[in-house]
Amino acid sequence: MSKGILILVSLLSFSLQAFTQRDGDRNAVIRGTVKNEKGEPVEYASIYIKSTQSGTQSDAEGKFVLQVLPGAQTLCVQSLGHVTHEKQIDPKPHGRIDLEIQLEDSRHNLDEVVVEARGPVQRIRESSFNVIAVNAEALHHTSLDISHALDRVSGVKIRETGGMGSTSHVSLNGFSGRHVKIFMDGMPMESFGSSFRLNNIPVHVAERIEVYKGVVPIELGSDALGGAINIVTGQSRRTFVDVSYSYGSFNTHKSNISLGHTAKNGFFVRLNAYQNYSDNRYKVKTRLLDLETNGYSQEEHWFRRFHDNYHNEAAIVKAGVVRKPWADRLQVELTVSREKQDIQNANLMKIVYGGRERKAQSVVPALYYEKRNLFTEGLNLRISANYSLARNSNTDTLARQYNWQGEYRAKSFKGEGQYTMGEYDNRNASVSTGLSYRFNGRHLFSFNNLYGNFSRKATDAAANAETSTAATFMRRTNLKNVSGLSYRFEPSKRWNVSGFVKRYDVLVRGPINVSTTTTATYEEQKRDFGTTGYGIGATVFPVAEWQLKASLEKAFRLPSENELFGDESLETGDAGLKPENSLNLNVNISYEHTFGKAHSVYFDAGLIYRDTRDYIRRQIEQRYGGAFYTNHGRVRNLGADVEARYFYRKTFSAGGNFTIQDIRNMERYSAAGRKLIYYRDRMPNVPYMFGNVDANCNLNNCFGRGNVLSFGYNMRFIHSFFRDWESEGGDIIIPRQLSHDLSILYSIRDGRYSVAVEALNIADAILYDNYSLQKPGRSFLLKFRYFLYR
């Protein structure tokens, strides 16, 4: 800890010394307004001095104020979807220049390579964080959900347990599940409930997706260990309508509607609503239970899933005001969602169910407030808060044992797995407060605090009475607070450096098994924890088009609610879990070049190092197929990922990414002092080599001006990996995975109407992300979309 504080203090001293040596008292002031071709204000435009890091952003009214040094220089104005505007200025000491800038729409340059302006996506890429920003708007014509959009990002692997609605985990640089924190508009998604999650949210809800590999900015208030993902929803000021419907294999239906309107007085209202449904009746290959002998067949056979229906519905309503003297944005929001899912099998495919199901519903009101230049120039305030009430029920009452032919035999006790019909309420309050101050265009101080309060309780005493234990009605609470303070020094456009400290505090109350025998004995206990982490990051552009990044962090991750308390269905929690801690190092190099007005290339490569203690590992119980969590002493990860892309005008693009990671157990002895045979083994059930390849070809003005016919291809590869410890004779291997997808899209009148056909897993390969849990085979999907904006 002392080293981290020393690093930050040194940074502050160095930068403040540099600041005092500047002739800031001679600065001139540039004021202006940025508008588009229709005369409408352009928000979030980047205004900066060329070849420096001195810059600012336009507000909701398109206005900006920028302090600059006197002398001849070039002012640049950039915004996503517009042509970069450059203007020569020559301000005098203490002088002032007033400007009105009109940006040209970039659609007039479709015959050339469109290099994205330095908007939100590009600014994120140019930061010192190892981060990838995905432009989700480019995927709105597809039927992808958020999780499958992420599956195409380098270093990211989505691990699913089945078809639509199945459990999915994000694997990011070797860390998976809850090691990777998920946010929506800067707020933790764990507070939204299980009926609103990555694998059922359509990609059209997002404007962009930010993927942080390793060090996470304090603005997210995260206790992430392996990285974080922030889904940024649309903030368009336009009036628009976006409606789509999809139908596909296994009786799959998806429908989406988005509406938005912003009045001249700044009032806005938006609606996002969607629905997903599937029978999930795809075929799987597994062993058959003989109901008479209670033994499983040696050979695997093909069966069709018969109890796997899934549907969910959700709506997000937003209303508020922008461009007010007292608020750049004030927004109230309400998210409601529900889902019903049949549970076809346990965490082992051979264990099959015929009557288990779960239901979930949630209501999440939220408030967002932003004010730039609060009281003084450069002081910005952001407050976000939400309260989630999620009700979950799990039903397992049949006194039956099924096999994969849909046959069953009667049992002497209720419950196919573990008898239950109880209901549980999860309540989660989150408040995030961020304050930043930028001065002289080179110095940025930021503070953020994220407070979370989670509680769970049984809500139906009668339903729980038959299945309750001493632990059923014990309190389950998890209070945590993460505070962060950071400083960034930006002396020029060529390089910047930042440092931060984070404070983690948590208080957990829940049932603890204190028994020393096989019979569980629970006590309600309270445990608290507090510690401090730190980090530093830097980026430099040594020559034009090249960028180097490096970051180092001492990070902590607090156990999640599911890890502490389970999901009351297939997972068992442990309220005694210890927080994880890790030393993380990231190094990246990237190159981007456009040549001949028609060709563009992009390359990015990164190295990662993770030294993790008290690693929380998810394990599968072999008899009944349940899951549980344990702390595992020490894990080391050394990995690399690379991405390369080529673009030709707006006509053709191709690229791919590849990730390899060496995740090893570095715990030499067990808790009892016994030498572990699997010391330095790869961590089991974790993919260590995978990649994607994709290509897209566009025929512009096909059968009419403004019409585009597109052909797309995507390939995914995962190398085989062990389910268990290799040195303990683990001979069960999750086989190599290779799948191919094709798509055809035809859009009419600049995208107002479009129809898309997608063929997924066209080779009908047998795909697994987890041992024995087979994913769908070949499938097809047809999507219609109508999109109108003004």
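A residue that is in contact with a helix residue (DSSP H, G or I) (Cβ under 7 Å, 6 or more places away or on another chain) and of a type in the set (A, V, I, L, M) cannot be found anywhere in region 680-693. The set of residues in region 659-694 being under 21 Å from Glu592 (Cβ atoms), open to solvent by 30 Å² or more (accessible area, probe 1.4 Å) and touching an Asp or Glu at 6+ places or on another chain (Cβ under 7 Å) is empty.
Condition check: within 30 Å of Asn770 (Cα to Cα), open to solvent by 50 Å² or more (accessible area, probe 1.4 Å) and out of contact with any Lys or Arg (no Cβ under 8 Å at 6 or more places or on another chain). Does Asn251 satisfy that? No; evaluated as a whole, the condition is false for this residue. Counting only residues that are small (Gly, Ala, Ser) and surrounded by fewer than 18 Cβ atoms within 10 Å (Cβ to Cβ), region 759-790 holds 3 of them. In the set (1) at pLDDT 90 or above; (2) basic (Lys, Arg); (3) buried (at least 18 other Cβ atoms within 10 Å of the Cβ), the condition left unmet by Arg509 is number (1). Each residue in region 227-243 was checked for being in a loop (DSSP other than H, G, I, E, B) and under 19 Å from Asn481 (Cα atoms), and 1 pass.
The number of residues in region 436-474 that are at pLDDT below 75, open to solvent by 60 Å² or more (accessible area, probe 1.4 Å) and among the charged types (D, E, K, R) comes to 1. Looking across region 339-381, the residues that are touching a residue at least 60 places away in the same chain (Cβ under 8 Å), open to solvent by 20 Å² or more (accessible area, probe 1.4 Å) and basic (Lys, Arg) come down to Lys350, Arg358, Arg372. Across region 288-314, the qualifying residues are those that are open to solvent by 80 Å² or more (accessible area, probe 1.4 Å) and charged (D, E, K, R), and the one among them that is nearest to the chain's Cα centre (by Cα) is Arg304. Of the strands (runs of 3 or more DSSP E) lying entirely inside region 134-223, those carrying at least 3 residues that are farther than 20 Å from Gln235 by Cα are 156-160, 168-172.
One residue stands out in region 237-264 among those that are touching a residue at least 40 places away in the same chain (Cβ under 8 Å) and of a type in the set (S, T, N, Q): the one that is farthest from Leu760 (Cα to Cα), namely Thr262.
Across region 548-588, which residue is nearest to Gly355 (Cα to Cα) among those that are among the hydrophobic types (A, V, I, L, M, F, W, C) and open to solvent by 30 Å² or more (accessible area, probe 1.4 Å)? The residue in question is Leu570. Selection over region 190-206 of residues that are within 21 Å of Gly155 (Cα to Cα) and either modelled with pLDDT under 85 or open to solvent by 10 Å² or more (accessible area, probe 1.4 Å) (or both) gives a count of 3.
The values are calculated or read from the model by the stated rules, or taken from the named source; none is laboratory data. Since we're looking at a predicted model, the values are computed, not measured. When we count neighbours, we look across all protein chains shown, and the Cβ atoms used for this are built from the backbone with ideal geometry, even at glycine. These accessible areas exclude ligands, DNA and RNA; they are computed on the full protein's heavy atoms, side chains included. Shrake-Rupley method; radii C 1.70, N 1.55, O 1.52, S 1.80 Å.
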